[in-house]
Amino acid sequence: MWCRRLACLFKVPCRLSGSPRHRSPRLPRDRRTVLAAAARWHHTAPESLKCAWQLHGDHLELRYANTLMRFDFVWLRDHCRSASCYNAKTNQRSLDTASVDLGIKPKAVRVDETTLFLTWPDGHVTRYGLEWLVKNSYEGQKQQVMHPRILWNAEIYRQAQVPSVDCRSFLETDEGLKEFLQNFLLYGIAFVENVTPTKEDTEILAERISLIRETIYGRMWYFTSDFSRGDTAYTKLALDRHTDTTYFQEPCGIQVFHCLKHEGTGGRTLLVDGFYAAEQVLRQAPDQFELLSKVPLKHEYVENVGGCHNHMIGVGPVLNVYPWNNELYLIRYNNYDRAVINTVPYDVVHRWYAAHRTLTAELRRPENELWVKLKPGKALFVDNWRVLHGREAFTGYRQLCGCYLTRDDVLNTARLLGLQA
């Protein structure tokens with residue numbers, strides 16, 4: 001997958017602890033003999049190399065399912081799933097991690113075809129399934145993605161012919177809800193058709209998958225061009241592509257739009273897959289991608305309109321990646337709300353501007369723009385951590401309603417339906 005190519009940007013050097021040049025010269029001769037013997041590979045069966053292991057001075061090295069893994073001894077003791085260490089009913093750790101000796105070493109190690117057995121100095125036995133270790137090791141995790149996705153430009157999305165989900169199916173069946181969530185997770189956008197065009201019915205729709213996140217804009221909001229809030233969105237002007245609430249420390253995860261009425265022209269909604277654009281930057285200019293993922297910026301919202309008085313500041317890089325597998329998970333892009341750049345030294349800021357220009361050029365490519373005419377009855381859900389939205393200028397009276405959803409709850413709903421999220 002594309003995100004694995006980021007590994008070249010953040011390589012972490014590894015060494016094999018316990019190799020001869022790292023052993024202490026002050027060890028007694030018999031202790032050195034024991035360590036030398038332990039460093040040899042052991043196999044689950046003489047004729048099979050499916051599973052092999054070595055015991056080093058501070059960690060266990062295990063090769064299984066084409067994965068070479070290294071486990072610190074404290075980690076192996078801390079993650080024990082025995083009844084005294086882990087409550088299987090609540091899925092919570094019972095062991096006090098701070099009570100584990102940081103110099104702990106197993107007294108005995110045994111591996112059969114499916115399980116690793118560790119006996120500790122106090123006689124406690126820990127058992128790990130080998131498949132579980134592959135799934136939960138650092139080496140296994142960095143080969144996985146947290147969120148499988150299909151990156152798209154306008155043509156890719158149109159050719160995919162992603163179906164909208166009928167409102168009744170969405171609200172009343174797990175099949176309809178699962179289809180909707182699968183579309184949303186893969187593409188970052190999803191539509192529900194035949195929704196009664198009221199704020200109340202839109203609220204029912206949103207609550208099917210998540211708690212509604214109340215913000216400075218309220219819980220459910222109406223959206224018109226009355227400039228009732230100190231934001232360009234409350235006008236008839238065109239809006240360039242952006243993500244919302246970049247000025248929150250944690251930007252809102254999902255945004256819901258439902259056009260209730262439009263008596264006039266224009267006003268089409270623009271959607272751009274920010275992760276697709278970021279991939280193009282990674283391919284063309286990996287150094288610029290790295291810069292955008294490491295330089296922190298401030299975004300700011302200052303409002304003094306009517307009874308609304310707010311001053312919000314959020315800090316973070318434009319591109320955010322998981323450090324263990326370098327998978328992109330959040331884009332924070334809003335040129336309207338970016339604050340004064342005072343978190344970047346002078347010898348970096350010019351390179352940052354060049355990187356920002358490269359990303360902006362990709363986001364503004366016409367072939368990456370998906371234009372959608374929202375209409376009464378058609379609700380749009382947007383992954384605000386991935387997909388940028390905007391609109392063209394319009395005339396007449398245009399009223400939208402919508403809300404923000406808590407990301408954790410949407411992903412929770414998806415996982416309960418058996419989806420990877």
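Scanning for something outside any loop (DSSP other than H, G, I, E, B) and surrounded by fewer than 19 Cβ atoms within 10 Å (Cβ to Cβ), does the range 251-265 turn up at least one residue? Yes, the range 251-265 has at least one match.
When you scan the range 305-324, do you find a residue that is open to solvent by less than 10 Å² (accessible area, probe 1.4 Å) and under 20 Å from residue 149 (Cβ atoms), even just one?
The answer is yes; a qualifying residue exists.
Looking only at the range 53-89, residues that are buried (at least 17 other Cβ atoms within 10 Å of the Cβ), over 27 Å from the mean Cα position of the chain (by Cα) and assigned to a strand (DSSP E or B) come to 8 in all. Has the range 365-377 got any residue that is open to solvent by less than 30 Å² (accessible area, probe 1.4 Å), in contact with a Pro (Cβ under 8 Å, 6 or more places away or on another chain), at positive phi and in contact (Cβ under 8 Å) with a residue 12 or more places away in the chain? Scanning the range 365-377, I find at least one residue that is open to solvent by less than 30 Å² (accessible area, probe 1.4 Å), in contact with a Pro (Cβ under 8 Å, 6 or more places away or on another chain), at positive phi and in contact (Cβ under 8 Å) with a residue 12 or more places away in the chain, so the answer is yes. When residue 165 is tested against (1) in the same structural domain as residue 372 (by the TED database); (2) on the phi < 0 side of the Ramachandran plot; (3) open to solvent by 50 Å² or more (accessible area, probe 1.4 Å), just one condition goes unmet, and that condition is (3).
Residues in the range 379-401 include none that are open to solvent by 30 Å² or more (accessible area, probe 1.4 Å) and closer than 20 Å to residue 163 by Cα. Checked against the criteria, residue 405 does not count as modelled with pLDDT of 95 or more, buried (at least 21 other Cβ atoms within 10 Å of the Cβ), more than 15 Å from the chain's Cα centre (by Cα) and within 26 Å of residue 359 (Cα to Cα). Condition check: buried (at least 18 other Cβ atoms within 10 Å of the Cβ), within 29 Å of residue 364 (Cβ to Cβ) and in contact (Cβ under 8 Å) with a residue 24 or more places away in the chain. Does residue 128 satisfy that? So residue 128 does not fit the description; no. In this structure, does residue 205 turn out to be modelled with pLDDT of 95 or more, over 30 Å from residue 305 (Cβ atoms) and buried (at least 17 other Cβ atoms within 10 Å of the Cβ)? Answer is no for this residue.
You will find that of 149, 158, 110, the residue that is touching a strand residue (DSSP E or B) at 6+ places or on another chain (Cβ under 6 Å) and either within 30 Å of residue 282 (Cβ to Cβ) or of a type in the set (Lys, Arg) (or both) is 110 and no other.
The condition of being outside the structural domain of residue 188 (by the TED database), touching a helix residue (DSSP H, G or I) at 6+ places or on another chain (Cβ under 8 Å) and farther than 20 Å from residue 419 by Cβ holds for residue 115.
Can you give me the ranges of the helices (runs of 4 or more DSSP H) entirely in the range 90-163 with at least 3 residues that are among the hydrophobic types (A, V, I, L, M, F, W, C)? First the steps, then the outcome.
On the way: elements: 130-136, 138-141, 154-160.
Those helices (runs of 4 or more DSSP H) span 130-136, 154-160.
For the range 169-186, indicate whether the set of residues that are under 21 Å from residue 378 (Cβ atoms), surrounded by fewer than 18 Cβ atoms within 10 Å (Cβ to Cβ) and of a type in the set (Val, Ile, Thr) is non-empty. Checked against the condition, which is being under 21 Å from residue 378 (Cβ atoms), surrounded by fewer than 18 Cβ atoms within 10 Å (Cβ to Cβ) and of a type in the set (Val, Ile, Thr), the range 169-186 yields at least one hit.
The values are calculated or read from the model by the stated rules, or taken from the named source; none is laboratory data. Source: prediction; values computed, not measured. No Cβ is skipped: glycine too gets one built from the backbone with ideal geometry, and neighbour counts run over all protein chains shown. Side chains are part of the model used for accessible areas, which takes the heavy atoms of the whole protein and leaves out ligands, DNA and RNA. Shrake-Rupley method; radii C 1.70, N 1.55, O 1.52, S 1.80 Å.
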